[in-house]
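Since every read-out is calculated from the coordinates, none of them should be taken as a lab result. As the structure is a computational prediction, the values presented were derived from the model and not from experiment. Note that each Cβ is placed from the backbone with ideal geometry, even for glycine, and that neighbours are counted across all protein chains shown.
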Amino acid sequence: MFKILFILFFVIIIYLIYRLTTISSLKKKNLIFVNIVAISSILFFLILFFYLNETNIESLYVPPKFDGEKVIPGYFSEIK
C-alpha cells in the first residue's frame with residue numbers, strides 16, 4: 001500500500017514540475033532552478049523507492065501437500 005501511495009505522490013510531483021517548466025513567463029534563471037529541483041527530486045524518489053523495496057528472495061517455499069483428506073496450502077518459510 002505504501003508503494004502505491006509513494007508512486008502516486010511521485011507522479012503528482014513530476015506533473016507539477018512539468019507544469020512549472022511549461023509556463024512561458026518563467027525567466028531563464030528560474031527555469032534552471034526548476035530543472036535542478038526536478039532532477040534532484042527524481043533522484044531522491046528513485047533512491048528512496050529502491051531503498052524501501054524489500055524483497056526476500058532467500059525464503060524457502062514449502063509446496064502444497066495432500067494428506068488424504070484435504071490439501072494443505074503452500075507457504076514461504078522464514079527458516080532457511
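In this label model, L46 and N30 are separated by 2.8 nm, measuring between points 7 Å along each Cα→Cβ vector.
State the extension gain, in nm to one decimal, for the chain segment bounded by V37 and D67, taking 0.36 nm per residue of separation less the distance between their alpha-carbons. Don't skip to the answer; put the middle values down first.
Numbers: separation 30, 0.36 × 30 = 10.80 nm, distance 6.01 nm.
Using 0.36 nm per residue and subtracting the Cα-Cα distance, I get 4.8 nm.
Using 0.36 nm per residue and subtracting the Cα-Cα separation, the extra length available between E78 and N53 on full extension is 7.2 nm.
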